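S.K.: Just dropping this structure here.
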Amino acid sequence: MDAICIKDLKKELKKEMDDSRFEHTLGVMYTCAALAMRYGYDLDKAMLAGLMHDCAKCMPNAKKLKMAEKHHLHISELERKNPFMLHAKLGAFLAKKKYDIEDPEILDAIRWHTTGRPEMTMLDKIVYIADYIEPKRDKAPHLPRIRQMAFQDLDQALIMILEDTLGYLGDSSDHVDSMTKKTYDYYIQKR
């Protein structure tokens, strides 16, 4: 997981992503680095997880669904109706199978970067939060406050993001992955 590995992966991903997705990806990678430095986490792991978090995002939705079925990934009814939601699961799969990333903590951070999960690791939180606050993001509610909180208290920033996400998507099971609600409930009770 040295700088050369990240440099090579950046070149690969640049070919597979549109320009705005690639810029977002770099923003997440560098935001992961900043959060890792702030919280004393492994910088290389954080950067690699941030770089790879959307590696399946630009794949057409029909291909996402077909690939998930082919490789026997669990597909919820919500994901079947909205195959774009499969990019986190597929991203973890591709990171391992196509890009030879073996570290389970990195693979889990990619897997859970859209919904979160109860008992998130430090890396899970770093990637989840970095994806929300990276510099190119500008439309999320409460973004300046969440950005500030991310460098003060990861759990509180996580709760704020989950509240904004659930507020935006509403309580409808047609739009919200159940894991997002479970994650929110877990961290609210833990508070």
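S.K.: Name the single residue that is farthest from THR180 (Cα to Cα) among those in the range 83-114 being under 17 Å from the mean Cα position of the chain (by Cα) and surrounded by fewer than 16 Cβ atoms within 10 Å (Cβ to Cβ).
M.R.: It comes out as PRO104.
S.K.: Check off (1) in contact with a Ser or Thr (Cβ under 8 Å, 6 or more places away or on another chain); (2) at pLDDT 95 or above for ASN61 and give me the number that stays unchecked.
M.R.: Answer for ASN61: the failing condition is (1).
S.K.: Go through the range 11-58 and count every residue that is among the polar types (S, T, N, Q) and in contact with a helix residue (DSSP H, G or I) (Cβ under 9 Å, 6 or more places away or on another chain).
M.R.: So the count comes out to 2.
S.K.: What are the pairs with Cβ atoms under 8 angstrom where one residue, in the range 51-65, is closer than 18 Å to LYS15 by Cα and the other, located anywhere, is among the polar types (S, T, N, Q) and in a helix (DSSP H, G or I)? Sequence gap at least six, or different chains.
M.R.: Within 8 Å, the pairs are LEU51/THR25; HIS53/THR25; ASP54/THR25.
S.K.: I want to confirm something. Restricting to the range 139-174 and keeping residues that are free of Cβ contacts under 8 Å to residues at least 12 places away in the same chain and over 23 Å from TYR41 (Cα atoms), which single residue is surrounded by the most Cβ atoms within 10 Å (Cβ to Cβ)?
M.R.: Residue satisfying both the conditions and the ranking: LEU143.
S.K.: Would you be able to tell me the number of residues in the range 98-135 that are part of a helix (DSSP H, G or I), in contact (Cβ under 8 Å) with a residue 12 or more places away in the chain and not small (Gly, Ala, Ser)?
M.R.: 17
S.K.: When the range 134-191 is examined, which residues are found to be of a type in the set (Phe, Trp, Tyr) and more than 16 Å from ARG38 (Cβ to Cβ)?
M.R.: Listed by number, the residues that qualify are TYR168, TYR184, TYR186, TYR187.
S.K.: Count, please, the residues in the range 1-42 that happen to be over 14 Å from TYR99 (Cβ atoms) and among the basic types (Lys, Arg).
M.R.: Of the residues in that region, 2 qualify.
The values are calculated or read from the model by the stated rules, or taken from the named source; none is laboratory data. Predicted model only: the values in this text are computed from it and were never measured. Neighbour counts are summed over all protein chains in view; Cβ atoms, including those assigned to glycine, are modelled from backbone coordinates with ideal geometry.
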